[in-house]
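Undergrad: Mind having a look at this structure? Questions to follow.
The values are calculated or read from the model by the stated rules, or taken from the named source; none is laboratory data. This is a predicted model, so every value here is computed, not measured. Positions of Cβ are generated from backbone atoms using ideal geometry, with glycine treated the same way; all protein chains shown enter the neighbour counts.
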Amino acid sequence: MKVRAAVLEQFGSPLEVQDLDLAGPRAGEVLVRLVACGVCHTDLYTASGADPSGYAPTVLGHEGAGVVERVGAGVRDVEPGDHVVTLFSPQCRECVHCRDHRTNLCLAIREQQNQGYLPDGTTRLSRDGEPIRHFMGTSTFAEYAVMPEIALATIDRDAPLDRACLFACGLSTGLGAAINTAKVAPGSTCAVFGAGMVGLGAVAGCRLQGAEHIVCVDLSPGRLDLARGQGATHTVAGGPGAVQEILDLTGGFGADYTFEATGNVDVMRQAVEAARMGWGLATVCGVAGKGETLDVVPRYLITGRRVAGSSFGGVKGRDQVPQFVDLYLAGEIDVDPFVSHRLTLDDVNRGFDLMEAKDGIRSVIDFA
Ligand SMILES: NC(=O)c1ccc[n+]([C@@H]2O[C@H](COP(=O)([O-])OP(=O)(O)OC[C@H]3O[C@@H](n4cnc5c(N)ncnc54)[C@H](O)[C@@H]3O)[C@@H](O)[C@H]2O)c1
Ligand SMILES: [Zn+2]
Ligand SMILES: [Zn+2]
């Protein structure tokens, strides 16, 4: 079939919306009609050429939500009509990592996915017979996508897909960092650095876990207002003085749990230094620039602080994304403030411009 898709032809150039060929789903694969898709930093990172593992041409997009149109042979867990959120971090439920509660890093299709292929090593996307590689196993800047069944979370059909799509990446990453990685204890004190989609999700996750004090740190007063809406009890202006302010707010000790959601290695260091001696846990969510390293004075660790990293918030997507969506439907997570702009697929490059201007939390593409 022919599909409209936003193609990255060349690093550093705007995406080009054009017609591509999409072949039907093979064994274990599913054809999804996209209804909505968020525009995320990772798409821009790849489009810019900064990502050393990036490739072109490809169809970007990974924060998708849509409806199952058709399933390939052997697909057991989804059927036509199901509403799904796409998972760049799949869950096969069989590999050694999927069977272990300590990680969500499914190994099943990792290598092929990283190279832009579906699990059998081929692509369903093409143009004039020339294969076009998939991106993050998703390629959701398109009217339709063919994806492995293990990379789809089936959600409640009552959930509006233009908000459910945010659970495909940043929101679940923040929620999961607090709930799965840090396992924030009730009554505790948390500090979240960064109030973008990930940091705001972490604030919401800390609140859901019953944290008593949640300090949010950001450079933007508008984003700190959004953090209050998600449950932050204190806000602090980002910068060199932020650690001292958190120490002052916590009797000189620091927070039980800190979270970094900026991608800045200096802020990662602040997250470690703002964690409480004895047991403070700093969870790093941000993706640092190529070659950058985290500089920590070891004494912070000797005196009981710990550092953890979190990919997609430790979320096992097929199991936990539907639970998060249920919390949203139950009124426990306020997703509406995150949808700042609505775009058509033809406007996808405007989504990148808005992101670079730090205008809003997320632009969401509506596929009419
Ligand atoms: N671990 C994962 O699986 C995963 C998933 C999605 C995104 N990410 C990464 O998480 C990070 C955050 O993503 P996002 O979508 O929320 O980005 P974002 O750009 O929307 O938010 C980052 C926020 O950090 C703030 N900030 C910048 N410098 C600061 C400072 N010195 N002190 C305090 N705040 C500061 C900015 O004002 C901004 O509000 C990025 O690095 C992104 O690549 C990781
Ligand atoms: Zn993303
Ligand atoms: Zn697995």
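Undergrad: Find the residue count for segment 1-19, including only residues that are more than 23 Å from the chain's Cα centre (by Cα) and over 23 Å from Val75 (Cβ atoms).
TA: Total satisfying the criteria: 9.
Undergrad: Of the numbered conditions (1) within 16 Å of ligand 1 (Cβ to nearest atom); (2) under 18 Å from Phe11 (Cβ atoms); (3) surrounded by fewer than 22 Cβ atoms within 10 Å (Cβ to Cβ), His97 satisfies every one except a single condition; which is it?
TA: (2)
Undergrad: Hey, another quick one. Please indicate, with yes or no, whether at least one residue in segment 89-100 is touching a Pro at 6+ places or on another chain (Cβ under 8 Å), more than 14 Å from Ala151 (Cβ to Cβ) and among the basic types (Lys, Arg).
TA: In the first step, residues of segment 89-100 are kept if they are touching a Pro at 6+ places or on another chain (Cβ under 8 Å); the result is 90.
Those left that are additionally more than 14 Å from Ala151 (Cβ to Cβ): none.
No, segment 89-100 contains no residue that is touching a Pro at 6+ places or on another chain (Cβ under 8 Å), more than 14 Å from Ala151 (Cβ to Cβ) and among the basic types (Lys, Arg).
Undergrad: Select, from Gly231, Gly241, the only residue that is away from ligand 2 (no atom under 16 Å from the Cβ) and on the phi > 0 side of the Ramachandran plot.
TA: Values: Gly241 fails: on the phi > 0 side of the Ramachandran plot.
Gly231 is the lone residue from the list that is away from ligand 2 (no atom under 16 Å from the Cβ) and on the phi > 0 side of the Ramachandran plot.
Undergrad: Can you tell me which residue is farthest from ligand 1 (Cβ to nearest atom) among those in segment 255-274 that are closer than 12 Å to Val192 by Cβ and over 22 Å from the mean Cα position of the chain (by Cα)? Can you show your working first?
TA: First, pick out the residues of segment 255-274 that are closer than 12 Å to Val192 by Cβ: 255, 257-262, 267, 270-271, 274.
Still in the list and also over 22 Å from the mean Cα position of the chain (by Cα): 255, 270, 274.
Values: Ala255: 14, Gln270: 7, Ala274: 11 Å.
Among them, the one singled out is Ala255.
Undergrad: Return yes when Val243 is free of Cβ contacts under 8 Å to residues at least 60 places away in the same chain and within 23 Å of Ser311 (Cα to Cα) and no when it is not.
TA: No: the conditions fail for Val243.
Undergrad: Collect the residues in segment 7-29 that are in contact with a Gly (Cβ under 7 Å, 6 or more places away or on another chain) and at negative phi, keeping them in residue-number order.
TA: Residues satisfying the conditions are Phe11, Pro25, Arg26, Ala27, Glu29.
Undergrad: Which one of these is in a strand (DSSP E or B), modelled with pLDDT of 95 or more and among the small types (Gly, Ala, Ser): Ala191, Ala232, Ala178, Ala204? Walk me through it before giving the result.
TA: Numbers: Ala232 fails: in a strand (DSSP E or B); Ala178 fails: in a strand (DSSP E or B); Ala204 fails: in a strand (DSSP E or B).
None of the others qualify; the one that does is Ala191.
Undergrad: Can you name the condition, by its number, that Ile150 falls short on among (1) away from ligand 3 (no atom under 16 Å from the Cβ); (2) among the aliphatic types (A, V, I, L, M); (3) part of a helix (DSSP H, G or I)?
TA: Exception for Ile150: condition (1).
Undergrad: Here's a follow-up. Can you pull out the strands (runs of 3 or more DSSP E) entirely within segment 1-98 that have at least 1 residues that are acidic (Asp, Glu)?
TA: By residue number, 16-22, 29-39, 63-71.
Undergrad: Among residues belonging to segment 199-224 that are in contact with a strand residue (DSSP E or B) (Cβ under 9 Å, 6 or more places away or on another chain) and exposed (fewer than 15 other Cβ atoms within 10 Å of the Cβ), point out the one that is farthest from Arg276 (Cα to Cα).
TA: Pro221
Undergrad: Could you tell me whether any residue of segment 107-120 is free of Cβ contacts under 8 Å to residues at least 24 places away in the same chain, assigned to a loop (DSSP other than H, G, I, E, B) and under 27 Å from Pro14 (Cβ atoms)?
TA: Checked segment 107-120: at least one residue is free of Cβ contacts under 8 Å to residues at least 24 places away in the same chain, assigned to a loop (DSSP other than H, G, I, E, B) and under 27 Å from Pro14 (Cβ atoms).
Undergrad: I need a count of the residues in segment 268-294 that are surrounded by fewer than 19 Cβ atoms within 10 Å (Cβ to Cβ) and under 27 Å from Gly54 (Cα atoms).
TA: Of the residues in segment 268-294, 8 are surrounded by fewer than 19 Cβ atoms within 10 Å (Cβ to Cβ) and under 27 Å from Gly54 (Cα atoms).
Undergrad: Checking the structure you have, find out if any residue of segment 304-320 is in contact with a Phe, Trp or Tyr (Cβ under 6 Å, 6 or more places away or on another chain), surrounded by 13 or more Cβ atoms within 10 Å (Cβ to Cβ), on the phi < 0 side of the Ramachandran plot and among the aliphatic types (A, V, I, L, M).
TA: No, that holds for no residue.
Undergrad: Condition first: in a loop (DSSP other than H, G, I, E, B) and more than 21 Å from Ala108 (Cβ to Cβ). Now tell me which residues in segment 121-147 satisfy that.
TA: Asp128, Gly129, Ile132, Phe141, Glu143
Undergrad: Next up: Which of the following residues is among the aliphatic types (A, V, I, L, M) and crowded, with 20+ Cβ neighbours inside 10 Å: Ala65, Ala56, Ala73?
TA: Ala65
Undergrad: Working carefully through the options Gly263, Gly331, Gly278, Gly317, find the one that is touching a residue at least 12 places away in the same chain (Cβ under 8 Å), within 26 Å of Gly222 (Cα to Cα) and not β-branched (Val, Ile, Thr).
TA: Going through Gly263, Gly331, Gly278, Gly317 in turn, just one is touching a residue at least 12 places away in the same chain (Cβ under 8 Å), within 26 Å of Gly222 (Cα to Cα) and not β-branched (Val, Ile, Thr): Gly263.
Undergrad: Given the residues Gly196, Gly187, Gly121, which is the only one that is out of contact with any strand residue (DSSP E or B) (no Cβ under 6 Å at 6 or more places or on another chain) and within 16 Å of ligand 2 (Cβ to nearest atom)?
TA: Checking each option against the conditions leaves just Gly196.
Undergrad: Here is a further query. Do we have any residue at all in segment 191-203 that's of a type in the set (Val, Ile, Thr) and touching a Ser or Thr at 6+ places or on another chain (Cβ under 6 Å)?
TA: Checked segment 191-203: at least one residue is of a type in the set (Val, Ile, Thr) and touching a Ser or Thr at 6+ places or on another chain (Cβ under 6 Å).
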